[in-house]
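Encoded as structure tokens, the structure appears first; notes follow it.
The values are calculated or read from the model by the stated rules, or taken from the named source; none is laboratory data. Being a predicted model, the structure only gives us computed values, none of them experimental. Cβ sites come from the backbone with ideal geometry, for glycine too, and all protein chains shown count toward neighbours.
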């Protein structure tokens, strides 16, 4: 686990809304051990506080989340660091889906790779025109293994095939069309108004009503996560240490095309 370098996540609670902000812009809010741990702590705080009606998951900087923190790939001391990291992400995604309070994604920047899993795990997602999306794993010799648990249930099958396979970037309009994003808005001001309206709507609901309704709409996703987590974590770990993945990640760091690119 990396040494702490100050908080990478901040939390704030007001008017029944607990806001969890990814605040590690130096690495585009990558999923470091510390960031994941602090998000989990924020979710636990929300669950334990009866005054919290819903959670908003958002970010600082122009990137919501860039996916795995590749700088930590060789620093993990676990016997099987790739598998541990895959299981860590499964646990985070499941925690968001299973939280007995609605989680709203507020997206005002770019989303890549593992960050897509966070978006898929949220119950409702409102995103601005500044946001872009890509499942880049196939371009790095990987597959979007773990995050498929929360992303695939949101997408229509044809869209899933296109974007999972190509790794291409798409905009917020396409994200909304395929079901990844609930509502696409214009700029940041419009995004904040939409979030305020939504949290007010949720504030009019009873805690029991929200809890039991969320259990209904997430039942199948949670069951699928529990059924398939070992399979996708094993695939992720196997690919992460493969020769093609090493080349893909090295080419990414060196800002060059990988050797297989045409």
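Here are the numbers for the structure shown:
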{"item": "Cross-chain or 6+ apart pairs with Cβ under 9 Å, segment 194-213 first and free of Cβ contacts under 8 Å to residues at least 40 places away in the same chain, then crowded, with 18+ Cβ neighbours inside 10 Å", "result": "213/102"}
{"item": "Options 94, 106: the member that is in contact with a helix residue (DSSP H, G or I) (Cβ under 9 Å, 6 or more places away or on another chain) and in a helix (DSSP H, G or I)", "result": "94"}
{"item": "Selection within segment 111-135 - part of a loop (DSSP other than H, G, I, E, B) and touching a residue at least 60 places away in the same chain (Cβ under 8 Å)", "result": "122, 123, 128, 130, 131"}
{"item": "Some residue of segment 68-81 being touching a helix residue (DSSP H, G or I) at 6+ places or on another chain (Cβ under 7 Å) and modelled with pLDDT of 95 or more", "result": "no"}
{"item": "Failed item, numbered, when residue 51 is tested on (1) farther than 17 Å from residue 198 by Cβ; (2) in contact with a helix residue (DSSP H, G or I) (Cβ under 9 Å, 6 or more places away or on another chain); (3) modelled with pLDDT of 95 or more", "result": "(2)"}
{"item": "Test result for residue 138, farther than 19 Å from residue 57 by Cβ and not in a helix (DSSP H, G or I)", "result": "no"}
{"item": "Only listed residue being closer than 17 Å to residue 121 by Cα, modelled with pLDDT of 95 or more and out of contact with any strand residue (DSSP E or B) (no Cβ under 9 Å at 6 or more places or on another chain), chosen from 213, 197, 188, 182", "result": "213"}
{"item": "Residues that are in a helix (DSSP H, G or I), within 28 Å of residue 240 (Cβ to Cβ) and touching a residue at least 40 places away in the same chain (Cβ under 8 Å), drawn from segment 13-71", "result": "27, 33, 36, 39, 40, 43, 70, 71"}
{"item": "Residues satisfying the stated conditions in segment 237-262, i.e. under 16 Å from residue 68 (Cα atoms) and in a loop (DSSP other than H, G, I, E, B)", "result": "241"}
{"item": "Residue in segment 231-245 that is under 16 Å from residue 150 (Cα atoms), exposed (fewer than 13 other Cβ atoms within 10 Å of the Cβ) and free of Cβ contacts under 8 Å to residues at least 24 places away in the same chain present", "result": "yes"}
{"item": "Residue ID - farthest from residue 89 (Cα to Cα), chosen from residues in segment 153-173 that are in contact (Cβ under 8 Å) with a residue 24 or more places away in the chain and out of contact with any strand residue (DSSP E or B) (no Cβ under 7 Å at 6 or more places or on another chain)", "result": "166"}
